[in-house]
Amino acid sequence: MLALVLHLLTAPVAYPPELRSVPTTKKVVSIAVNVVWGTEFVPPIVQALTSQGDKATFFLGGTWAERNPAQARQIHDAGMEIGSHGDRHRHVGSLGVAENEQEITRASERIKAATGVAPTLYAPAYGELSQAVHLAAQRQGVRVVMWSIDTIDWRKSHTPDVIAQRVLSRLQPGAIVLMHPTDRTATALPGLLKELHRRGYRVVGVQELLDTAGRGAPVTEQGGMQEQRVG
């Protein structure tokens, strides 16, 4: 009995895996937009999506939402899904559980004050993961979301054509595409959405992607984690 107790106390804890994509044969993909900067490019990105009947999940920083409540509300009112990108855009991989929980709870409070929505999806800043990040998310009842296609649109050398090609060359059903509000993203998006439609794809928020795919087990193969993240 003592050996069993010691094993339970020392055994590694298994946390729910982060969501990178969803296994499905349906032609449906999600766009995840992390927002803590690039405020001026948010409206044209939202407009590109709404004009073509598409949706995305906007992962808002808590302090960004507090500083830009009208714009945060406009994102929600346009029919976009609201997620959390943490509170102060810290390097969460180096934080303990308590600090990670604060990043989640404070962001949720600020985002809810601005949009009326308490996020249930959480994209950690810089794409950083750790046991503390997973445990904090589990305790706060939010699901960790990553990506399977990284546009790396924050890199100034990535033109609108490069951004679009990174998506189209890696495209598969159930993919989650990571974007940020940049001028190049805003320029690339209208044409990219048209091409996705031409190929028979629907573009939806992350939760709708899960619902459409019947909430299958998340695919957690290595994605864009090899790139240095800025947001």
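Read the figures in this text as sums done on the coordinates, not as results from a lab. Everything numeric here is computed off the predicted structure, so don't read it as measured data. Because the Cβ atoms are built from the backbone with ideal geometry, glycine has one as well, and the counts that use them run over all protein chains shown.
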| request: List 180, 91 from most exposed to least, where exposure is judged by having the fewest other Cβ atoms within 10 Å. | output: 91, 180
| field | Positive minus negative residues near residue 27 (Lys, Arg vs Asp, Glu; Cβ under 12 Å) | value | +4
| query | Rounded if a/c is under 1.5, else prolate if a/b is larger than b/c, else oblate: which is the chain, with a ≥ b ≥ c the root eigenvalues of its Cα gyration tensor? | reply | prolate
| query | Out of 110, 198, 184, any idea which swings most in a Gaussian network model of the chain, alpha carbons joined below 10 Å? | reply | 198
| remark: Simple spin-label estimate for residue 161/residue 39, 7 Å along Cα→Cβ, in nm, reads 3.4
| Using the Cα gyration tensor of segment 65-198, with a ≥ b ≥ c the square roots of its eigenvalues, what is the shape: rounded (a/c below 1.5), prolate (a/b larger than b/c) or oblate (neither)? | prolate
| note | Summing -39500 (n - 2.57) over every DSSP H run of at least 4 residues in the chain and dividing by its residue count gives a helix-only mean residue ellipticity at 222 nm, to the nearest 500 deg cm²/dmol, of -12500 deg cm²/dmol
| field | Residue pairs, from the table 55/194; 26/112; 55/112; 27/156; 112/156, whose Cα atoms sit over 24 Å apart | value | 26/112; 27/156; 112/156
| query | Angle, helix 131-140 long axis vs. longest principal axis of the chain, Cα atoms, 0 to 90°, nearest 10? | reply | 80
| said: With 10 angstrom as the radius, rank 80, 179 by how many other C-beta atoms surround their C-beta, starting from the fewest. | reply: 80, 179
| Angle between the chain longest axis and helix 42-51 axis [Cα atoms, degrees, rounded to 10] | 70
| task | Please give, to one decimal in nm, the separation of the simple spin-label points placed at residue 51 and residue 135, each 7 Å out from Cα toward the Cβ. | result | 4.8
| task | Would you work out the charge dipole size for the chain about its Cα centre, treating the Cβ of every Lys and Arg as +1 and the Cβ of every Asp and Glu as -1, and quote it to the nearest 20 debye? | result | 400
| task | Under 10 Å from the Cβ of residue 202, count the other residues' Cβ atoms, weight Lys and Arg +1, Asp and Glu -1, and hand me the total. | result | +1
| query | Which of 85, 212, 107 sits farthest toward the positive end of the charge dipole of the chain, with +1 on the Cβ of Lys and Arg and -1 on the Cβ of Asp and Glu? | reply | 212
| Mean separation of Cα contacts under 8 Å, 6 or more apart, over the residue count of the chain: relative contact order % | 33
